[in-house]
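Reading through the structure tokens given below for one structure.
The values are calculated or read from the model by the stated rules, or taken from the named source; none is laboratory data. Here the structure is a predicted model, which is why all the values come from computation and not from measurement. Positions of Cβ are backbone-derived with ideal geometry, glycine not excepted, and every protein chain shown enters the neighbour counts.
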Amino acid sequence: MSKAKKIPWQCRQGDVFLERVEDAEPGKEIPRENGRIVLAHGEATGHAHVVEREDALLLEDRTEVGDAVWNRLLKVLEGGELKHDCPGQAKPDHDSVVLPPGQYRVIQQMTYAPEEIRNVAD
């Protein structure tokens, strides 16, 4: 009989990947931008991936995972929504994602190219 590993709740919206975690070590709060939490800015269109809940927090995350040290932790106390905000665009490129209450590592997606590994351009 094999022991199945439980996969945590995960979602991706463009170049932002969220993974629900139970064992994070939160640090200081990262300031909001114009009253909202911005998880990433789009390079190509000027859009942003945002959470607008007043009870949500974006914090430094000091938890080491393998060889990586994640640097941001999103805490959503009452649940929320990850929105793709692109001013002037009639329909966003990405649908909103409903976030259950919890805490999430915010992981910037990377892309591989023979000359370098770099952030995904979204």
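Points worth noting:
- Single residue of segment 97-122 satisfying the filter (surrounded by fewer than 15 Cβ atoms within 10 Å (Cβ to Cβ) and modelled with pLDDT of 85 or more) that is farthest from Glu60 (Cα to Cα): Val98
- Which numbered condition Ala4 fails, given (1) exposed (fewer than 14 other Cβ atoms within 10 Å of the Cβ); (2) touching a residue at least 60 places away in the same chain (Cβ under 8 Å): (2)
- Residues of segment 13-44 that turn out to be surrounded by fewer than 14 Cβ atoms within 10 Å (Cβ to Cβ) and either touching a residue at least 60 places away in the same chain (Cβ under 8 Å) or not in a strand (DSSP E or B) (or both), as a count: 8
- Picking from residues in segment 40-57 that are of a type outside the set (Asp, Glu) and within 16 Å of Gly79 (Cβ to Cβ), the one that is farthest from the chain's Cα centre (by Cα) is Arg53.
- Residue, nearest to the chain's Cα centre (by Cα), within segment 74-96, restricted to residues that are in contact (Cβ under 8 Å) with a residue 60 or more places away in the chain and crowded, with 16+ Cβ neighbours inside 10 Å: Leu82
- Taking the criterion of being within 21 Å of Gly102 (Cα to Cα) and charged (D, E, K, R), the residues of segment 16-48 that qualify are Glu19, Arg20, Glu22, Asp23, Glu25, Lys28, Glu29, Arg32, Arg36.
- Summed over segment 57-83, the residues that are modelled with pLDDT of 85 or more and not aliphatic (A, V, I, L, M) give a count of 8.
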